[in-house]
Amino acid sequence: MATDTHSVFNWQIGREMAYPYEAPPPKKQVAWVFDINKCIACQTCTLACKTTWTAGKGQEYMWWNNVETKPWGFYPLGWDVRLLDKLGVGNWEKGVYKGKTIFEAAKAGERLVGVQPEEEDWAHPNIGEDEIAGGSVAAGDHITDVHRIWMFYLQRICNHCSYPGCVGACSRKSVYKRDEDGIVLIDQDRCRGYQECVRGCPYKKSMFHPRSRKSQKCISCYPAVGEGYQTQCVANCIGKIRVFGHINPPDKARDDNPIDYLVHKAKIALPLYPQFGTQPNVYYIPPVHVPRQFLFQMFGPGVPEAIKKYRTAPDDEKLRGLLVLFGSTDKIFTRFKVTSGEAIGYNDKGDEIVRVPITEPTYRRPFFDEERNVYRHSIT
Ligand code: SF4
Ligand code: SF4
């Protein structure tokens, strides 16, 4: 373990842990919830991000948002399995992670355990796309009691971690976390392209730009966020699987804050690889059809309860209402209320910014339209 460490509390692993820098909590912390069950891998989010923020030569390697197919999809190649292999097996006991985080597993003189991908590893963002676990689909295959054959889409952006590996790794202190909202940025004037952040980010969301010879990453659309708008990947999501907002620590969680409610109260949204120790701030509603062991190593011990609770959504008006608010507006709503069949979102000032019915009304049209003298194939 590195010697110049500080002890910080990481609620996602249920204990104190070592971190190379002092990490006072920001005034606010940006956060996202992605409902994996609803993603159709259309990659609209990927292109929305790309066309907004990356341009010119060298942008070919810049997929700040990507959607990969698990279990075989990786961007860059093997990004998670290589690090998991280095860290070895770590057990959880009653919600506490007993293994070593990337910071605790560092050798003397190192800040963390990292992986440096080869240039070729970044060249195939759609590797493993739509490949299923369990071999191929044979004639006559069908689902019986469990999904023997499965896959799911994993939507990935920078997690704007509370204890970022990229910040911890940079010897020039070019990577920093903003005090006002916890967004993690790379100072392009300070960066010398050493790529320590690329190696140190366990999610491989800091990327080396081959033309500018500097590292770049997701900037959480900070100009839009500052004006009260959700990030581009959220606002453009076709499947309405995403919501953006701010998260509080568990002991300050609010019942009416959408992110707090999903993460801390309903506990249906979980961090990706919490055992890495960076306390990531993108939370995932796990896919209900995937083997639990696979999900456990990916999202931690909260998986069974999260899926159980998610399945109650049809009878839980508050949860269902909040899920309906996903993708209902491009503005940030920091409070929500569900009442009399409607879900309502409010901004920080308490102004209503969106109102949607929880059950969409159905209209039935006549099979034969006398006015146009035509029959309809679709009448509802
Ligand atoms: S836009 Fe939404 S539905 Fe489409 S790939 Fe991205 S996260 Fe999935
Ligand atoms: S996901 Fe990676 S790049 Fe983003 S803040 Fe965390 S460690 Fe840094």
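The values are calculated or read from the model by the stated rules, or taken from the named source; none is laboratory data. Quick caveat: nothing in here was measured; it's all calculated off a predicted structure. Because the Cβ atoms are built from the backbone with ideal geometry, glycine has one as well, and the counts that use them run over all protein chains shown.
What to note about this one:
- Subset of the range 35-64 that is among the hydrophobic types (A, V, I, L, M, F, W, C) and assigned to a loop (DSSP other than H, G, I, E, B) - its residue that is nearest to ligand 2 (Cβ to nearest atom): W64
- Residues of the range 75-121 that turn out to be within 21 Å of G168 (Cα to Cα) and either in a strand (DSSP E or B) or not assigned by TED's automatic domain parsing to the domain that holds P20 (or both), as a count: 1
- Set C221, C237, C233, C166: member being within 13 Å of ligand 2 (Cβ to nearest atom), under 21 Å from the mean Cα position of the chain (by Cα) and assigned by TED's automatic domain parsing to the domain that holds G14: C166
- Residue in the range 55-67 that is under 28 Å from G128 (Cβ atoms), free of Cβ contacts under 8 Å to residues at least 40 places away in the same chain and acidic (D, E) present: yes
- Residue match in the range 324-333 (condition: touching an Asp or Glu at 6+ places or on another chain (Cβ under 7 Å) and at pLDDT 95 or above): yes
- None of W72, W32 is within 14 Å of ligand 2 (Cβ to nearest atom) and either surrounded by fewer than 17 Cβ atoms within 10 Å (Cβ to Cβ) or within 30 Å of Q293 (Cα to Cα) (or both) except W32.
- Residues that are basic (K, R) and away from ligand 2 (no atom under 16 Å from the Cβ) were ranked within the range 1-29; the one that is surrounded by the most Cβ atoms within 10 Å (Cβ to Cβ) is R15.
- Just so you know, in the range 240-253 the residues that are within 15 Å of the chain's Cα centre (by Cα) and under 20 Å from K28 (Cα atoms) include one that is nearest to ligand 1 (Cβ to nearest atom), and it is R242.
- Selection within the range 27-58 - more than 16 Å from ligand 1 (Cβ to nearest atom), in contact with a strand residue (DSSP E or B) (Cβ under 9 Å, 6 or more places away or on another chain) and either among the charged types (D, E, K, R) or under 30 Å from K107 (Cβ atoms) (or both): K28
- Single residue of the range 132-166 satisfying the filter (within 30 Å of P210 (Cα to Cα) and in a loop (DSSP other than H, G, I, E, B)) that is farthest from ligand 1 (Cβ to nearest atom): Y163
- Single residue of the range 40-86 satisfying the filter (aliphatic (A, V, I, L, M) and modelled with pLDDT under 95) that is nearest to I149 (Cα to Cα): M62
- Considering D260, D256, the condition of being more than 16 Å from ligand 1 (Cβ to nearest atom) and more than 23 Å from A23 (Cβ to Cβ) is satisfied by D256 alone.
- The range 208-218, residues that are surrounded by 19 or more Cβ atoms within 10 Å (Cβ to Cβ), of a type in the set (S, T, N, Q) and either more than 17 Å from Y194 (Cβ to Cβ) or more than 20 Å from the chain's Cα centre (by Cα) (or both): S215
- Tabulated pairs, the range 263-288, first without any contact (Cβ under 8 Å) to a residue 40 or more places away in the chain and within 16 Å of ligand 2 (Cβ to nearest atom), second part of a loop (DSSP other than H, G, I, E, B) and of a type in the set (A, V, I, L, M), C-beta under 6 angstrom, 6+ apart or interchain: none
- Qualifying residue in the range 369-377 (condition: crowded, with 21+ Cβ neighbours inside 10 Å, over 19 Å from W92 (Cα atoms) and outside the structural domain of D35 (by TED's automatic domain parsing)): no
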